[in-house]
Amino acid sequence: MSFVLASGSVIRAQMLRNAGLDIDVQSARVDESAIRDALLAEGANPRDIADALAESKARKVAGRRPDAYVLGCDQVLSLQGACLNKPETEQDARDQLTRLRGQTHQLLSAAVLYHGGEPVWRHVGVARLTMRPFSDSFLDSYVKRNWPGISESVGAYKLEEEGVRLFAQIQGDYFTILGLPLLELLNYLSLRGVIEG
């Protein structure tokens, strides 16, 4: 079995390898901003945006690897219906965290699996996270200590690192929060006999 992750995400690759999958990694070069902006202009909801971005990545790589199972993934952060992007500057990170402070937001982690050049499975996992009302001084020191690493994450935090200190409550699957609905994917692969189960 050939299994390809159509993403440059180190954490997603690590999760798949830790679960015992032998994977190749091939980043899909798609214009995520253009896709996201077009969908937002059409009034698409965050779930559909995450799914469309994941599918665009899987489809792009599957065109080169029709023999393989190709997994595309994407994650969208939704705050009261608005989608936040990865912060480009430290000030962007401060602004995002200020918006999220004391609020509950959703992380929607989409995964689309292609085989034979066609989509064969898809899932969007949802987690709800509530940030605690941390102080401005903690916010400033947190961003300073964790930049530029948090620029790789929507919402300007990584739950697997110091970002966990920002939260008062979390509802949802840990893997979904990290960007991949891993349990659902493994269950599908096991049921289809793609992996031993």
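A few comments on the model shown:
- Residue 175 satisfies every condition listed in (1) part of a loop (DSSP other than H, G, I, E, B); (2) buried (at least 17 other Cβ atoms within 10 Å of the Cβ) except (1).
- Matching residues, segment 48-104, being of a type in the set (A, V, I, L, M) and touching an Asp or Glu at 6+ places or on another chain (Cβ under 7 Å): 50, 53, 54
- Residues satisfying the stated conditions in segment 79-104, i.e. surrounded by 12 or more Cβ atoms within 10 Å (Cβ to Cβ), among the aliphatic types (A, V, I, L, M) and part of a strand (DSSP E or B): 79, 84
- Residue in segment 53-62 that is outside any helix (DSSP H, G or I), under 23 Å from residue 157 (Cα atoms) and either of a type outside the set (A, V, I, L, M, F, W, C) or in contact (Cβ under 8 Å) with a residue 24 or more places away in the chain (or both) present: no
- For residue 41, the conditions (1) modelled with pLDDT of 95 or more; (2) of a type outside the set (D, E, K, R); (3) surrounded by fewer than 20 Cβ atoms within 10 Å (Cβ to Cβ) all hold with the exception of (1).
- The single condition among (1) farther than 24 Å from residue 7 by Cα; (2) surrounded by 13 or more Cβ atoms within 10 Å (Cβ to Cβ) that residue 191 does not meet is (2).
- Some residue of segment 7-20 being surrounded by fewer than 20 Cβ atoms within 10 Å (Cβ to Cβ), among the basic types (Lys, Arg) and modelled with pLDDT of 95 or more: yes
- Number of positions in segment 113-137 that are under 16 Å from residue 76 (Cα atoms) and out of contact with any Ser or Thr (no Cβ under 9 Å at 6 or more places or on another chain): 1
- Yes/no for residue 47 being in a helix (DSSP H, G or I), surrounded by fewer than 20 Cβ atoms within 10 Å (Cβ to Cβ) and either in contact with a Cys (Cβ under 7 Å, 6 or more places away or on another chain) or touching a residue at least 12 places away in the same chain (Cβ under 8 Å) (or both): yes
The values are calculated or read from the model by the stated rules, or taken from the named source; none is laboratory data. Everything numeric in this text was worked out from a predicted model, so none of it was measured. Counting neighbours? That spans all protein chains shown, and the Cβs are built from the backbone with ideal geometry, glycine included.
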